[in-house]
Amino acid sequence: MHSESSHSVIALTGAVSVVSLALVPAASAHTGTTHAGTPHWLLLGLFALGLLLLAGSPLAIARGMLSTRWGAPAMLVGFVVAGLGAIGLVEIQVVATVGPSLNHLYPLASLLVGTTVMIASLLVTRRYWPDRPRYAALGTLLGAWIVYPVTFANDGITNPLGYVIVVSLPLLVGYVVWRDAKPVLRSAFDSSFSRRVGVGTAIFTTVVVAFSAGTVTVNPDPGVNTPTEGFVKAFPVADPLVTWPAIEFFVPAIPLAGMVSVGTVILFGVLGGLVGLNAAVITDQWQAGRDLSLRGSLVGSLTTTGATACCCCAPAMYGVVSAVFGTAATPVYWAFMDTASPLSSAFLTASVILLTASLIHAASGPAGTEDDLAASVSL
């Protein structure tokens, strides 16, 4: 394919790599109207402008309104701008000063959302791909992830079932992807360029997810008990779902603070891996001369872009709202923080479904049937 198309691939995978998950809101949250001298409204504007470029550029290229020579830089700029804006907004989000007021509704909402995901996955699988029960299994697992914290006492942080759910996620996602997207994955990783793009995108995505989820920050909160010397220490952390061994670190010279646990490695690895695989597949297809205007390539790109928008908005949502409304955004804060709330898990579910469906659809090709397309998008 022409070199300009290759540059488009890099830009598109860059856009995809903005994927982040609201595992928890960022650890660094602040008051005021500026962040490192940057007004909050400017960070919000950067974030909005980046999303506009990310969403508009692929459509403009597909419709012939914009050449890849100019569309690729536009997507790349959109990726960088949206990423900087999102991280900035997450870093400056305001900590709620009062307790949650709607927390009594969270358990019911989690049960409704989780049950809906389970039932929908069964119905969609039976309707479109009755010979692939693995789709129903994946949907059921994601639904169980949503309802788990409100099903057991003490949020089930020590229940063995929680460990089974978390560990089963990468195993089941890997099985589905390998069974149904194996041809395109082999083709993508046979190409050294596509392979490098996929691996690089996966690593970069994992880093961005860590910052967006608040497990890593370069703007730690100052306070009376703020350490002045660097440290590394081990401690247990109850997220995702259950208690995991974790390591907390602080490097005051940067400054850099963060936490990494077995659970976050698994969860971030799933998201980073899915984004990286999508990046590699799209790169390989575009290199092979596949026209973006074709249904398969376009829908696959838009599906991935949808996952990007969904996941990118998750960690930045409270940052955006708090930047605009300040402490009045407290209900949104607790919607992310409270483990009984289905919001974070719903974003995880949408991310996994969209990214997995994008790979499955890429394997079906532009010649797939309408039922294949609908089943791929719905999973």
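The values are calculated or read from the model by the stated rules, or taken from the named source; none is laboratory data. As the structure is a computational prediction, the values presented were derived from the model and not from experiment. In this analysis, Cβ positions are derived from the backbone assuming ideal geometry, glycine residues included, and neighbour counts consider all displayed protein chains. Please note that ligands, DNA and RNA were not included when accessible areas were found on the heavy atoms of the full protein model with its side chains. Shrake-Rupley method; radii C 1.70, N 1.55, O 1.52, S 1.80 Å.
Each row is one residue, and each column tells you yes or no for (1) at positive phi; (2) at pLDDT below 95; (3) touching a strand residue (DSSP E or B) at 6+ places or on another chain (Cβ under 7 Å); (4) of a type outside the set (D, E, K, R).
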| residue | (1), (2), (3), (4) |
| --- | --- |
| T140 | no, no, no, yes |
| I146 | no, yes, no, yes |
| F152 | no, yes, no, yes |
| N159 | no, yes, no, yes |
| V167 | no, no, no, yes |
| V173 | no, no, no, yes |
| R179 | no, yes, no, no |
| V184 | no, yes, no, yes |
| S191 | no, yes, no, yes |
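Looking only at residues in the stretch 193-247 that are part of a loop (DSSP other than H, G, I, E, B) and modelled with pLDDT of 90 or more, which one is farthest from L343 (Cα to Cα)? Per the stated criteria, the residue is V242. Screening A82 against (1) under 25 Å from P220 (Cα atoms); (2) open to solvent by 70 Å² or more (accessible area, probe 1.4 Å); (3) at pLDDT 60 or above leaves a single unmet condition, (2).
Just one of the listed residues (L256, L267, L274, L241) is in contact (Cβ under 8 Å) with a residue 40 or more places away in the chain and surrounded by fewer than 19 Cβ atoms within 10 Å (Cβ to Cβ), namely L256. In the stretch 147-170 there is at least one residue matching the filter, namely being over 25 Å from H361 (Cα atoms), among the polar types (S, T, N, Q) and assigned to a loop (DSSP other than H, G, I, E, B).
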